[in-house]
Amino acid sequence: MRYLYELRESLRIALAAIKANKARGVLTTLGIIIGIVAVVTTMTAANGLQNSFKESISAVGSDVLYVTRMPWIITGNFFEYRNRENLTLKEAQKLAARLSEAKAVNPSSYTQRDIKYRANLMEAVTVVGTTDKYIRVSNALPEYGRFLIPQDVQYKRNVCVIGSEIQEKLFENTNPINKRMKIGRYYYRVVGVMEKQGSAGFFGGPNFDRQIIVPITAFIKTFGGANRSFSISVKAPSQEEMADFEYAVIGEMRKIRKLKPTEKDDFSINQMNTLMNAYNSVMGVIVMIGLVITSVSLFVGGIGVMNIMFVSVTERTREIGIRKAIGAKKRAILSQFLFESSVICLIGGVIGLLVAYGVTALINNLMMPASISPFIMAVALLVSILTGVVSGIIPAIKAARLNPIEALRYE
Amino acid sequence: MKALDIRNITKTYHMASEEVRALRGVTLELEQNEYIAIMGPSGSGKSTLMNVIGCLDTPSSGEYFLEGVDVSKMSDDQLAEIRNRKIGFVFQTFNLIPRSDVFHNVELPLIYGGLSGADRRKLAEAAIEKVGLSDRITHKPNELSGGQRQRVAIARALVNNPSIILADEPTGNLDTATGEEIMQVFNDLHAAGNTIILVTHETEIAQHAHRTIRLRDGMIESDEKNGVLHPTLS
């Protein structure tokens, strides 16, 4: 209880001191504000990147395995992968026949073509040749119109389902259904538009909003299929059985490829986690570097606070003497100055958070989805208080150790 | 029990290579409710003695019992506690906290003493009433006259009901008339049972006390009862 009264007095002195030196307080706080804005914005941007990345690869599906010729993330010897045989449509059919427990098995192939509608042109758009089962391994659904149906595949129809970005840019947001557009040199009829899935395109990830889905048979007919490698997506019976299911897929693929037990796999199995892990390891490093750099500005702000605290202690030497003479112990004086520096920094932290909130809103509008999480807020406030304590501790100790007689005599 | 019992204390300062012997063996006893003046020219060790009595400083050797408690070898924080409970300071320059109002200045020792808000209010208001400043309770020091400021300082000194009120040149910054008023406050406090030590170099001020101790070169030169009766008793 007794300490509580002392602490309340310390807080009261701190607030009074800050109120009495407003201009000084504002200037000192500025350093902390800038520091907190920098740190918070870095963390928020990192969070935003991660979220939009997660969102965009969620279309990949976390319970789907992708059998490909080469792994998505190549580590080690590239040439080992380069000489692998292509995965053929026939192998995909064999795999589908063998994996009766799979929810869906779907072959796809990819190419890039310029696309055209009237005078509008988009260059190097990803064209996906696939089947009606695509929709079962991906999480996305058509927004307008329909997806591919078995007849499209069976009769090699030149129809396509376009991504939301293509509707926006190529069709300028008009209704594209049943319009004829050119993919490369061939005409395709639009039958559907996919819902918006978000993009991880800014750092080289897939952009599902900027792709066109066509029947795999029409794809082979128009873009050629003899030398293509297909990727086979296999949806596991359940999320829990992913690990076991992966072994089953590997086993069946080895049988299809007639591999001897001593031979290595000549195909790769990928899943969403592969991408996520690669992303996390790269982003982790970038965010760490960002935080270190931004922390420097907070550190400089902290030095400013320390400086002002030394001034404050010197200015109030006599007051410290009076307080000591009437019975203030060391800890009372110590907490008085620690409170002052912490409150300065906390005010800076709160203002910094408000500014960062605005910056985040701006990022959200102009660049990518971003928001300040409660966790980041808590961290920012804690960090600002910590900065206050760290930069106030030396001046506070100096004050607490003052000799009352000399302090009383100080002019 | 004696209010104060000082036995052969010395205080030596080390300044650069020089040794300054500020006190060279002072022995002094004070009964409860005594009213004494300590006099002496500058350099006599007057301030040093006052600092030791006020528990702002510890003696180099010798013993000091304050109400039977040996305070001569206490740590800084222990001394702070003693100052808080047993000593009331009144300074020449008032030494009030500038940004705080009268009430807060007076309650401050009680805050460091750990009293609750209600107790503090009761005691502080009583002390302010004793010095006749009840109508100035929310004023800041810079809104008060010199005499009023010193009254606030006296209220702060007696709010904890200390064993000793230690006044260092309490009238030094006041004109004669105001000084007399302040001395009247001390006289009243003494009449109410307080033990008062007055440090001064003015003989007229010292005359208010009942006993005068003169210091010279760090030793007690004389220690005599004042002949003049206390004005309130005459």
Residues of B:152-160, mean number of Cβ from any other protein chain within 10 Å of their own Cβ, rounded to a whole number? 1
If you put +1 on each Lys and Arg Cβ and -1 on each Asp and Glu Cβ, how big is the dipole of chain A around its Cα centre, in Debye rounded to 20? 280
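Taking Cα pairs under 8 Å and at least six residues apart, what relative contact order does chain B come out at, in percent?
Details: 476 pairs, mean separation 64.6, N = 234.
Rounded, it is 28 percent for chain B.
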For the range A:254-411, what are Rg and Dmax over the alpha carbons, in angstrom? 27.0, 96
Charge-dipole axis of the protein assembly as shown as Lys and Arg at +1 and Asp and Glu at -1 on Cβ define it, positive-most pick from B:199, B:189, A:110: A:110
So for each of A:152-159, A:164-171 I average, over its residues, the number of other beta carbons within 10 Å; can you give me the resulting order with the highest mean first? A:164-171, A:152-159
Could you pull out every one of the aspartates and glutamates with an alpha carbon less than 17 Å from that of residue A:260, ignoring same-chain neighbours closer than 8 positions? A:85, A:252
Can you sort B:171, A:294 so the residue with the fewest Cβ neighbours within 10 Å comes first? A:294, B:171
In this structure, among A:133/A:169; A:196/A:221; A:54/A:196; A:156/A:258, pairs with alpha-carbon gaps over 21 Å are A:133/A:169; A:196/A:221; A:156/A:258
Using every pair of alpha-carbon atoms in the protein assembly as shown, split the distances into 20 Å bins beginning at 0 and state the percent of pairs per bin, rounded to integers. 15, 29, 17, 14, 16, 8, 0
Chain B: angle of helix B:146-158 to the longest principal axis, Cα-based, in degrees nearest 10: 70
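Under the rule a/c < 1.5 gives rounded, and otherwise a/b versus b/c splits prolate from oblate, where does the range A:63-270 land using the Cα gyration tensor? Walk me through the numbers on the way to the answer.
Working: a/c = 1.88, a/b = 1.76, b/c = 1.07.
Prolate is the answer for the range A:63-270, as a/c is 1.5 or above and a/b outweighs b/c.
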Ordering of B:173-184, B:193-204 by packing [mean C-beta count within 10 Å, highest first]: B:193-204, B:173-184
If you count, for each residue, the other Cβ atoms within 10 Å and average over each peptide, how do A:112-124, A:299-311 line up from highest to lowest? A:299-311, A:112-124
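Before rounding to the nearest 500, sum -39500 (n - 2.57) across all DSSP H runs of length at least 4 in the protein assembly as shown and divide by the residue total; then give [θ] at 222 nm in deg cm²/dmol.
-15500 deg cm²/dmol
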Which one, A:27, A:70, A:51, is farthest towards the positive end of the dipole of the range A:9-116 when Lys and Arg carry +1 and Asp and Glu -1 on their Cβ? A:27
To the nearest 20 Debye, how big is the dipole of the range A:63-270 about its Cα centre, given +1 on the beta carbon of each Lys and Arg and -1 on that of each Asp and Glu? 1060
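Which pairs, out of A:182/A:235; B:2/B:140; B:11/B:225; A:22/B:130; B:46/B:86, put more than 28 Å between their alpha-carbon atoms? Could you put the intermediate results ahead of the total?
Values: A:182/A:235 32 Å; B:2/B:140 38 Å; B:11/B:225 26 Å; A:22/B:130 37 Å; B:46/B:86 20 Å.
Violating the 28 Å Cα-Cα cut-off are A:182/A:235; B:2/B:140; A:22/B:130.
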Test item: B:87-97 mean partner chain Cβ contacts at 10 Å: 3
Which Cα, out of A:357, A:267, A:321, lies furthest along the positive dipole direction of chain A (beta carbon charges, K/R +1, D/E -1)? A:357
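Just tell me how shielded B:109-121 is by partners: mean number of partner chain Cβ atoms within 10 Å of each residue's Cβ, no decimals. Before the final figure, lay out each step's value.
Working: counts 5, 3, 12, 11, 5, 7, 3, 4, 2, 0, 0, 1, 0.
Averaged over the peptide's residues, the number is 4.
Looking at the P(r) of the range A:241-280, how many percent of alpha-carbon pairs lie beyond 12 Å? Present the calculation step by step, with values, prior to reporting the outcome.
Working: 499 of 780 pairs.
Considering the range A:241-280, 64 percent of its Cα-Cα pairs are separated by more than 12 Å.
Just so you know, all these numbers are worked out from the coordinates, no wet-lab data involved. This is a predicted model, so every value here is computed, not measured. Cβ: placed from backbone, ideal geometry, glycine included. Neighbour counts: every protein chain shown.
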